[in-house]
Each structure stands twice: as C-alpha cells, then as structure tokens.
Amino acid sequence: MGPMNHQMLEVDQVVNLHGAVAPSSATPIRFSMKEFDRATILIFQNKSAGNGCAVSMNQAQDVSGTGSKTLSFTKAKRSLANGTQAAPVNAWESFDVASDTFTTDATNGTRDSYAIDITKDMLDIDNDFDVVELELGNAASNVIQAIAILHRARNAAFPNESGVAN
C-alpha cells in the first residue's frame with residue numbers, strides 16, 4: 001500500500017520545536033532528517049507589541065548540537081494577518097531571505113504564519129550534518145509556536161518515532 005493510502009501522521013512526522021511562549025524563555029529542539037528527504041518548519045506568531053523576531057537556521061552532526069553551523073536558506077513563505085481578525089489568512093507569499101536570517105513582521109497585535117522548506121541537499125551531508133535547528137531571537141512581546149513536518153521517509157516502514165532521535 002503506497003503513501004497515498006495512509007494518514008499524514010503515518011508517513012510524515014511532526015516535531016514540536018517551540019511551544020507557544022516568548023522565544024527568550026525557551027530553547028528550541030533540534031531534529032534529525034536522517035530518515036527524511038524534506039522538512040517544512042511552520043512558525044506561528046502572535047504579537048502583543050510592535051516588534052519582530054529574528055529567525056535563522058543551524059545544522060549539526062547530532063541532536064546534541066555537535067559542530068553546529070549556519071544552515072543557508074534564501075526563501076521562505078509568510079501569511080500575514082490583517083489586524084486582529086479572528087479568521088485565519090490562507091494567502092501565502094514567498095519572500096527572499098538575506099544572509100540566512102529574516103525578521104518576522106512587527107505590526108502590533110497580529111497573528112502571522114511563516115514557513116521554511118528544507119531539503120536534504122541543503123545540509124552538509126558529506127560531513128555528517130543531518131540535524132536541523134530553528135533559532136529564534138529574543139522577542140519578549142511575541143508568542144511563538146513552531147513545528148517541523150518531516151516528509152518523504154526514505155524507508156517504507158515508518159521511521160524512528162522521535163524526530164529528535166539521531
């Protein structure tokens with residue numbers, strides 16, 4: 001039975017990277033892409049004051065952070081809310097990322113979403129870098145939640161049950 005006959009969580013894996021708290025009060029979790037070809041990181045931001053949050057990525061050789069270094073990415077997507085509307089905004093737009101970092105929108109009192117797509121070939125696999133980490137700058141007036149959805153498991157059987165295992 002192919003992947004189209006399975007539920008999403010039977011073929012993809014979801015990893016909670018950052019609970020719904022201010023980035024200055026939590027340490028993000030690294031996740032391994034060893035068993036996967038792609039990952040999408042979703043970042044949800046709820047701002048109570050007008051300042052953004054810096055977002056960048058690192059890669060490492062294991063989930064403890066050995067050899068941690070910058071993970072280069074040049075594109076991301078965003079869905080910006082209009083004011084404090086209750087309904088979600090579903091229009092995603094792609095934007096350029098300069099110097100491997102972007103800052104979330106600073107409009108006061110909005111709920112915005114961001115997406116970063118990562119493919120295996122973005123990692124330094126030749127030197128055993130298969131772990132990804134989301135880095136969030138201090139933004140005490142923001143509540144940020146982030147998850148990673150790991151796609152395309154390389155083995156037919158469901159891979160390790162924890163994306164944080166290496």
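Where a number appears in this text, it was derived from the coordinates with a stated rule and is not lab data. The structure displayed is predicted, hence computed values, not measured ones. We place every Cβ from the backbone using ideal geometry, glycine too, and count neighbours over all the protein chains shown.
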Inset, instruction - For segment 146-152, just list the computed ³J(HN,Hα) in residue order, Karplus coefficients 6.51, -1.76 and 1.60, θ = phi - 60°, integers in Hz, with x standing in for Gly and Pro. - result: 9, 10, 10, 10, 8, 10, 6
Legend entry - Projected label distance in nm at Phe44 and Asp124, using a 7 Å step from Cα toward the beta-carbon: 3.4
Inset, instruction - Using the number of other C-beta atoms within 10 angstrom as an exposure proxy, rank Phe95, Phe36 with the fewest first. - result: Phe95, Phe36
Legend entry - Formal net charge of residues neighbouring Lys77 (Cβ-Cβ distance under 12 Å; K, R +1; D, E -1): -2
Inset, instruction - Name the long-range amide H neighbours of Val131: under 5 Å, sequence gap of 5 or more, or other chain; modelled H, no Pro or chain starts. - result: Met33, Ala60
Inset, instruction - Can you grab the distance from the C-alpha centre of segment 55-73 to the C-alpha centre of segment 27-46, Å, no decimals? - result: 12
Legend entry - Spatial extent of segment 3-153: Rg and Dmax, with the Cα atoms as the point set, Å: 15.5, 46
Legend entry - Contour minus Cα-Cα distance for Trp92 and Asn108 (0.36 nm per residue): 3.8 nm
Legend entry - Protection-proxy order for peptides 51-62, 69-80, each taking the mean of Cβ atoms within 10 Å per residue, highest first: 51-62, 69-80
Inset, instruction - Compare the Cα positions of Gln13, Ala140, Trp92 along the charge dipole of segment 3-153 (+1 at Cβ of Lys, Arg; -1 at Cβ of Asp, Glu; about the Cα centre) and return the one farthest towards the positive end. - result: Ala140
